[in-house]
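Chemist: First, the structure itself, so that you have it in front of you.
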Amino acid sequence: MHNKIKGKNIYFKLVEVEDADFILKLRTNPVLNKHISLVKDDIKLQIEWITKYKEREYENKEYYFIIYENKTNKKIGTIRVYQIEENSCVWGSFIFLENLNPLYSIEAVIMNYDFIFFDLKKEIVNFDVRKSNKQVLLFHKKFGASLINEDELNYYFCLTKNNYQKIRNRFNNWPYA
């Protein structure tokens, strides 16, 4: 597994303990955390979580990335792949700073799916979206994801490699993927 995944405008780098403060600031920001699970505002707990995560990363059970902007090398977000099984995985923990180019999020999703389907060689990826996150729900439906379940808070989706490849071809010449 490479430590860095490079896109045209952004890149992913595996999380390190030193990223705890950045992650905590993202996840405890009330504007940014509306559609994700809440965490306690405690740097010690965040460092402990990352330390345990690094063990899972070493075992190829999970990958947690900081997203950087290429031109500034500035940290701008996070994305995570977890519950990695033989044929499938889950992705989430996707959060960005405010006031960024909105197309960066699409590039990040494409990079993430490329990583899952082509590097990890998975056939199915699962994820959830808060019901209140209307814009993201619309995006994933257009991207070929299938609704598989729901509860009071979330819709649960899956995307197959086959469906992704049909959509992915549309982005081959796009400047953000």
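We did not get these values from a lab; they are worked out from the coordinates using the rules stated. Because the structure is a prediction, the values reported are computed rather than measured. For neighbour counting, all protein chains shown are included, and Cβ atoms are generated from backbone atoms with ideal geometry for every residue, glycine included.
Chemist: Modelling each spin label as a point 7 Å along the Cα-to-Cβ direction, I'd like the Asn29/Gln135 distance in nm, to one decimal.
Modeler: Going by the 7 Å Cα→Cβ label model, 1.3 nm.
Chemist: Short version: ³J(HN,Hα) in whole Hz for each residue of region 134-148, in order, from phi by Karplus 6.51 cos²θ - 1.76 cosθ + 1.60 (θ = phi - 60°), x for Gly and Pro, what are they?
Modeler: 4, 5, 5, 4, 4, 4, 5, 5, 5, 7, x, 6, 10, 6, 10
Chemist: Count charges around Gln83 for me, please; just the other residues with Cβ under 14 Å from its Cβ, Lys/Arg as +1, Asp/Glu as -1.
Modeler: Residues near Gln83 contribute -2 overall.
Chemist: Please state the shape class of region 87-177: rounded when a/c is under 1.5, otherwise prolate if a/b exceeds b/c and oblate if not, all from the C-alpha gyration tensor.
Modeler: In terms of gyration-tensor shape, oblate.
Chemist: If I compute Cα extents along the principal axes in Å from the structure I just sent, which labelled value in (1) 57, 37, 28; (2) 70, 30, 26; (3) 43, 39, 36 lines up?
Modeler: Step by step, Cα extents along the principal axes in Å for this structure corresponds to label (3).
Chemist: Here's a follow-up. Between Lys44 and Glu85, what is the spin-label point distance in nm, taking each point 7 Å from the Cα along the Cα→C-beta axis?
Modeler: Here the answer is 3.7 nm between the modelled labels.
Chemist: Also, I was wondering about something else. Set the Förster distance to 35 Å, then compute FRET efficiency between Lys52 and Phe118 from the Cβ-Cβ distance, nearest 0.05.
Modeler: 0.80
Chemist: Under the rule of at least 5 residues apart or a separate chain, name every residue whose amide H is placed under 5 Å from the amide H of Ile76.
Modeler: So Ile76 has HN proximity to Ile67, Tyr68, Glu69.
Chemist: Students often forget the sequence filter, so: which lysines lie under 26 Å Cα-Cα from Lys161 once same-chain residues fewer than 8 apart are removed?
Modeler: Filter leaves Lys4, Lys6, Lys8, Lys13, Lys61, Lys121, Lys122, Lys131, Lys134, Lys141, Lys142.
Chemist: How charged is the neighbourhood of Glu16? Take every other residue with its Cβ under 11 Å from the Cβ of Glu16, and add Lys/Arg as +1 and Asp/Glu as -1.
Modeler: My count for the surroundings of Glu16 gives -1.
Chemist: Here's another thing I want to ask about it. Relative contact order for the chain: what is it in percent, counting Cα pairs under 8 Å that are at least 6 residues apart?
Modeler: 19 percent
Chemist: Treating only the Cβ of Lys, Arg, Asp and Glu as charged (+1, +1, -1, -1), what charge dipole size does the chain show about its Cα centre? Round to the nearest 20 debye.
Modeler: 700 debye
Chemist: If the elastic network links every pair of Cα atoms under 10 Å, which of Ile67, Ile43, Ile116 fluctuates the most in the Gaussian network model of the chain?
Modeler: Maximum fluctuation in the GNM of the chain, among the listed residues, is at Ile43.
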